[in-house]
1. Report the one residue of L55, S30, I76 whose Cα lies farthest in the direction of the positive end of the charge dipole of the stretch 16-95 (charges on C-beta: Lys and Arg +1, Asp and Glu -1; origin at the Cα centre).
2. According to a simple spin-label model (label point 7 Å from Cα along Cα-to-Cβ), what is the distance in nm between C103 and S11?
3. Work out how much length E153 to K170 would gain on full extension: take 0.36 nm times their residue separation and subtract the Cα-Cα distance, in nm to one decimal.
4. Could you work out how far apart the two model spin labels at H192 and A131 are, taking each label as a point 7 Å from the Cα in the direction of the beta carbon, and quote it in nm?
5. Collect residues whose amide H, placed 1.01 Å from N in the peptide plane, falls under 5 Å from the amide H of E91; neighbours closer than 5 in sequence don't count.
6. Using Cα springs under 10 Å in a Gaussian network model of the chain, which residue among V147, V35, V268 shows the largest mean-square fluctuation?
7. Could you please report the charge total around A131, scoring K, R as +1 and D, E as -1 over all other residues with beta-carbon less than 12 angstrom from its beta-carbon?
8. Toward the positive end of the charge dipole of the chain, about the Cα centre and with charges on Cβ (Lys, Arg +1; Asp, Glu -1), which of A88, V241, T21 goes farthest?
Amino acid sequence: MFTKRVKALLSSAKADVIYITSPENLRYFSGFTGVEGALILSPKEQLLLTDSRYLLQAAEEAPDFAIVDVAKTKPIDCLSSYHPKTIAFEESYVSAEAYKKLCEALPDCAWQGIDKEILLQRAVKDEEELACTRKAAKLADEAFSEVLPMIKEGAAEKDIALALEWSMRKGGAEAASFSIICASGVRSALPHGVATDKKLEKGDFVTMDFGCFYKGYASDMTRTVVVGKASDRQKKIYETVLLAQETALSVLRPGLLCKEADAAARDVIASAGYGDCFGHSLGHGTGLLIHEQPTLSPRSEGFLTPGMLVTVEPGIYIENFGGVRIEDLVYITEQGYENLTHTDKRLLEL
Ligand code: GLY
Ligand code: MN
């Protein structure tokens, strides 16, 4: 019996056989959470090939798949048994070396990329994926309020990052969804300043960007606070980023071009005179990876559809001064959007 996701992929792929090897797509299409294996999908059958470390796990996690032991049948022999003229594969995951070997083993076969079809499919989430993401976002919200009392003069960035991760994992997360960013003072001008031994000082902006994986699904949020009293300049920067973020949120709806969402935030920042200080995209999709489709950037071609998860994360970064980013993770609905991040966004002076 084909799973719904495999059926959808088979109908969008124009190849005799589909060959999947990335851990996230193994998981997405079969439920198997092991990190090594291969799916071979044809209109006739769906196979999961793996080795002795994972055979029992594969049978349990992927009950709709026929499990094949690679010690008995190598993926390449299995592929060639179909005598395919075309095989679809993940062109951005397979290494040049592995691709060369595949071509040598099946020289008369045409290999075609299938990343675009898979990414489009994965961009629209089902109820179960939404539930896992909702929980991952809740764990991040809870971690922030739990760690808030720690954010004061003298605390090390690394300790704050560790406390955020500890809280999320205690709540049931498998892992942080990326290296936690905790950047204070002038370091907050680094959009991706991962936590260091630096201690927080009075007057520092502190940007914390973090999230976790829950049942495979990522969350992502950012809040920026000030240690002690904020200066007028800090307040102006913070209020500009907040207005940009809320303006972008207010336009989100199905059918909106991704670049229009980006422009809504970018225009606010540019009008306040900080146009050169917002270099990255407004946001990105999340899912089994922290960065998925769609991308909300000035160059994005796509548009929003119900079921997408996107971050909305404008920022202003000023070298030798500091920076602010505010990020929520939202779900696009038929009517507009639902915000999965609930932490307050008013400027906190701690
Ligand atoms: N929150 C990290 C990132 O979006 O890259
Ligand atoms: Mn993000």
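The values are calculated or read from the model by the stated rules, or taken from the named source; none is laboratory data. Remember, it's a predicted structure, so these values are computed and weren't measured experimentally. Counting neighbours? That spans all protein chains shown, and the Cβs are built from the backbone with ideal geometry, glycine included. Quick note on the areas: whole protein, heavy atoms, side chains included, nothing else; ligands and nucleic acids left out. Shrake-Rupley method; radii C 1.70, N 1.55, O 1.52, S 1.80 Å.
1. The one lying farthest along the dipole's positive direction is I76.
2. Result for the modelled spin labels: 3.4 nm.
3. Details: separation 17, 0.36 × 17 = 6.12 nm, distance 2.58 nm.
Result: 3.5 nm gained on full extension.
4. Simple spin-label model gives 3.4 nm for this pair.
5. I114, D115
6. V35
7. On the way: positive: K125, R134, K135, K138, K215; negative: D126, E127, E128, E129.
Once positives and negatives cancel, what remains is +1.
8. Towards the positive end, the residue furthest out is V241.
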